[in-house]
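Have a look at this one before I ask anything.
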Ligand SMILES: Cc1cc2nc3c(=O)[nH]c(=O)nc-3n(C[C@H](O)[C@H](O)[C@H](O)COP(=O)(O)OP(=O)(O)OC[C@H]3O[C@@H](n4cnc5c(N)ncnc54)[C@H](O)[C@@H]3O)c2cc1C
């Protein structure tokens, strides 16, 4: 987590140096002290910080600056740093203007220059303001921020990747969150740029690939060495267990995983049949324990890499990555698990990740969803469905009311599972097709990707 920022804005080099020096001397351990020499420059700095998700705790601005007064700058700064505290440095002659600014722009305090000695005149004021800011922002973290459309499969993939790799993030829906609009404007993002991913201390990622995202987050996406004793493709329970055994025997070992360590098991809400855990454990707990064990023995985990081929090269085998990149190893283990069969009903593929899901994460909690599963698929996705979520399986009456006619679009089959109160399900039914629901025809504009489900 990066430190909150204190921004000092002054065009006079001497005053700027003095205020920055005093702020650094007292607050540098808990805050980043950033300096700007004009109002426009300060606004640029604030826009950059907002895009990186870095909180601004305090702006200290001189009132008399040539291009833009301190008050004019602070007024505009609200867009970029909505919760920041404002302190204006003024001359005696500007006192009336400063008092007016308390009402007009929510100025928190004004201080007459010079502020010496700072221990008596400056620091007590700033301590108070920072105390208030911290109280209003108790758990302010500079998490990753994702801005996108609820019904975008790319947004869904990115959220899944972050959640499964234990990267905390904040999600902003462009249709529903004002903050999403603000961040989108700040980044000058076009529709093609969505989803935006704002990484603390990093660049703004525009509709990034998983590999780009992993790289920006500092996850390991390349191997440290060109040749290993053992390379394991797949970081599910089988691959992680193989890595523990190989590395514990002193073999140099690397795992290549395209999504997240833990594999399918990482998505399970409760695994009760794992040896050594009589009370059971969650899939993410199992994955985290396994990664810790793997790392303890010195094995590496390379993430966000899709293995697309193997080559025999004399005594070694090469593992080829999608795009570019490879690793050589003396022995290969393919622990790639299974890919679940997907429903073959017409139209569902295009809606996958945009209203049709084969497993969810907590970030989808408030999303109204028609969910589908193949007969025989594990019950996990249902049992871990977050309590706030709703799973839809429309009735034919509902479809008639909302769409005007009721062609037999789909019948939702929800095979096995412990049914939750927020789950409607139909027994002895099969999915025939799915289609996006045209918004004007849908009562309450439920979802672009809602599936019509007439009675069987
Ligand atoms: C929701 C859910 C709940 C479950 N609950 C239980 C339970 O309670 N008890 C139980 O016994 N079993 C349970 N299972 C089944 C169990 O998780 C699987 O049997 C187990 O995960 C299989 O382990 P694996 O390592 O062989 O394969 P997987 O877990 O499938 O792991 C394979 C890994 O390989 C990666 N991979 C595949 N291809 C490539 C490639 N080309 N390049 C790079 N990486 C690749 C995948 O991304 C994946 O991470 C559950 C499964 C699910 C989905």
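Starting from a Cα-only point model with no solvent, please compute log10 I(q)/I(0) by Debye for region 140-216 at q = 0.19, 0.26 1/Å.
-0.72, -1.43
Let me ask something additional. Using 1/(1 + (r/R0)^6) with R0 = 35 angstrom and r between the beta carbons of residue 44 and residue 102, what's the FRET efficiency to the nearest 0.05?
0.85
Just want the ordering: 156, 149, 80, from fewest to most Cβ atoms lying within 10 Å of their own Cβ.
Ordered from fewest to most neighbouring Cβ atoms within 10 Å, 156, 149, 80 come out as 149, 80, 156.
How much length is gained if the chain between residue 206 and residue 225 is pulled fully straight, taking 0.36 nm per residue apart and subtracting their Cα-Cα distance, in nm to one decimal?
So the chain would gain 3.8 nm between residue 206 and residue 225.
Taking other Cβ within 10 Å of each residue's Cβ, how do 354, 330 sort, fewest first?
By the 10 Å Cβ count, ascending: 330, 354.
So, in nm, how far is label residue 128 from label residue 433 when the simple model puts each one 7 Å beyond its Cα toward the Cβ?
7.0
Pop a pseudo-label 7 angstrom from the Cα along the beta-carbon direction at both residue 313 and residue 339 and give the gap in nm to one decimal.
2.6
Then there's this: Report the Cα-based extents of region 170-311 along its three principal axes, largest first, to the nearest Å.
Taking the Cα atoms of region 170-311, the three principal extents are 54, 41, 27 Å.
What would the Debye formula give as log10 I(q)/I(0) at q = 0.12, 0.17 Å⁻¹ for the alpha-carbon point model of region 1-150, no solvent?
With no solvent term, the Cα-only Debye profile gives -0.46, -0.94.
Each label point is 7 Å from the Cα along the Cα-to-Cβ direction; what then is the distance between the points at residue 29 and residue 72, in nm?
In this crude spin-label approximation the distance works out to 4.0 nm.
All of the numbers you see were taken from the coordinates with simple rules; none came from a lab. These figures come from a predicted structure and were not determined experimentally. In this analysis, Cβ positions are derived from the backbone assuming ideal geometry, glycine residues included, and neighbour counts consider all displayed protein chains.
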